[in-house]
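Note sheet for the following structure.
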Amino acid sequence: MTSHPLVADAAGTWLLGDLEVNRMGFGAMRLTGSAAFHQGTPSDRGQAIGVIRRAVELGINHIDTAAFYFSRLRSANELINSALAPYADDLVIVTKVGPARDADGEWGTPARPDQLRGQVEENLRQLGRDHLDVVNLRLMGQDSISEHFGALAELRGAGLIRHLGISGARPEHVAQAQEIAPVVCVQNRFGIDAPGGDEMLRACAARGIAFVPFFAIAGEGREAGAVRAEHDQVHTVARAHGVSPAQVRLAWILRQGDHVLAIPGTGNPEHLVDNVAAGALVLTDEERRLLDSLRDRRLHPDGPANTC
């Protein structure tokens, strides 16, 4: 097996506003359960706390979470609070608002603009903080986001939020948001076998905005995790380096641009170490073309891409 440095800064850093983060981060969604959106068996609390602490020991200083990441017995925010408070000065916790779940875990109507303050305050309470470093507005299919983003901008002005981002967005949403307040990140689904996303990848690069893909490892498995058979191209590259397919997927993500941040999530300490090592994995030009061809076929199933 090829040995790679186990430090989260191997892939370099990026600024979320005035907050510097290592490009290899950590997603907290999977800490609370084993099934899609945490309706399954809760994870072991001690192990989850150990994974969070180990992530920080490995140099991760960018953690993605949300108040609606919870299961019957576990809350991602509460686990982060228990594991890391009092928080290090260089730790950046990114949360999101918009979707709503009741105490039974059922999804309800997304929050109205006037309800976003309550969601922000719930994140503050669970995390034990007096402000949130970055808050993403998670879009739920709406065309205009001006009212919702404007409400968050008011909370930013009041000192409850330091920086703002958007998630599940289209390029026109970025333009709408930036008319109201600066956007420091866009968090969208993106990966080797995920449909679309290239336009937003380029738009963020042009605007100097961090692009933060989710489901980079899970692929088509989405919330359920990497449950489908892996592609031959990914296996080929993994065998060449003596690494896991997950590392290949993350390395490919990070090579899409200096503005791209990775937030793989896991409740497994071995998987955490494996993920962090991906930041130092260097893909050859030939390997990148091989992986790109897999994406091209997904995007253009009826024939070769038009390169004009």
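The values are calculated or read from the model by the stated rules, or taken from the named source; none is laboratory data. Keep in mind that this is a model prediction, so the values were computed, not measured. Note: ideal-geometry Cβ built from the backbone for every residue, glycine included; neighbour counts use all protein chains shown.
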**OP:** Within the stretch 132-142, identify whether any single residue is surrounded by fewer than 17 Cβ atoms within 10 Å (Cβ to Cβ), aliphatic (A, V, I, L, M) and under 22 Å from the mean Cα position of the chain (by Cα), and answer yes or no.
**Re:** yes
Original post:
Of (1) within 21 Å of the chain's Cα centre (by Cα); (2) part of a helix (DSSP H, G or I); (3) not aromatic (F, W, Y), A151 satisfies all except one. Which?
Top reply: (1)
Original post:
Given the structure, is R129 more than 29 Å from Y87 (Cα to Cα), among the basic types (K, R), over 15 Å from the mean Cα position of the chain (by Cα) and surrounded by fewer than 21 Cβ atoms within 10 Å (Cβ to Cβ)?
Top reply: no
Original post:
Of the numbered conditions (1) under 21 Å from G33 (Cβ atoms); (2) surrounded by fewer than 17 Cβ atoms within 10 Å (Cβ to Cβ); (3) modelled with pLDDT of 95 or more, A103 satisfies every one except a single condition; which is it?
Top reply: (3)
Original post:
In the stretch 192-214, how many residues are touching a residue at least 40 places away in the same chain (Cβ under 8 Å) and at positive phi?
Top reply: 2
**OP:** For D258, work out the one condition from (1) part of a loop (DSSP other than H, G, I, E, B); (2) crowded, with 22+ Cβ neighbours inside 10 Å it doesn't fulfil.
**Re:** (2)
Subject >> Tally of residues being crowded, with 18+ Cβ neighbours inside 10 Å, aliphatic (A, V, I, L, M) and at pLDDT 95 or above across the stretch 1-27 >> reply: 4
Subject >> Out of I161, I180, sole residue that is touching a residue at least 24 places away in the same chain (Cβ under 8 Å), β-branched (V, I, T) and more than 17 Å from A67 (Cβ to Cβ) >> reply: I180
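Which residue is nearest to L281 (Cα to Cα), if the candidates are limited to the stretch 204-246 and must be assigned to a loop (DSSP other than H, G, I, E, B) and modelled with pLDDT of 95 or more?
Kept after step one, since they are assigned to a loop (DSSP other than H, G, I, E, B), are these residues of the stretch 204-246: 208-209, 215-218, 225-231, 242-244.
Now narrow it down to the ones that are modelled with pLDDT of 95 or more: 208-209, 242-244.
Working: G208: 24, I209: 24, G242: 11, V243: 9, S244: 11 Å.
Result: V243.
Filter the stretch 261-277 down to the residues that are part of a helix (DSSP H, G or I) and of a type in the set (A, V, I, L, M), then identify the one that is surrounded by the most Cβ atoms within 10 Å (Cβ to Cβ). Even if it seems obvious, please write down each step before you answer.
Our first condition is that a residue be part of a helix (DSSP H, G or I); within the stretch 261-277, this holds for 269-277.
Checking the rest, the ones that are also of a type in the set (A, V, I, L, M) come to 272-273, 276-277.
Working: L272: 22, V273: 15, V276: 30, A277: 25.
Filtering the stretch 261-277 for residues that are part of a helix (DSSP H, G or I) and of a type in the set (A, V, I, L, M), the one surrounded by the most Cβ atoms within 10 Å (Cβ to Cβ) comes out as V276.
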**OP:** Within the stretch 182-195, track down each residue that is more than 15 Å from S167 (Cβ to Cβ) and not hydrophobic (A, V, I, L, M, F, W, C).
**Re:** P182, G191, D193, P195
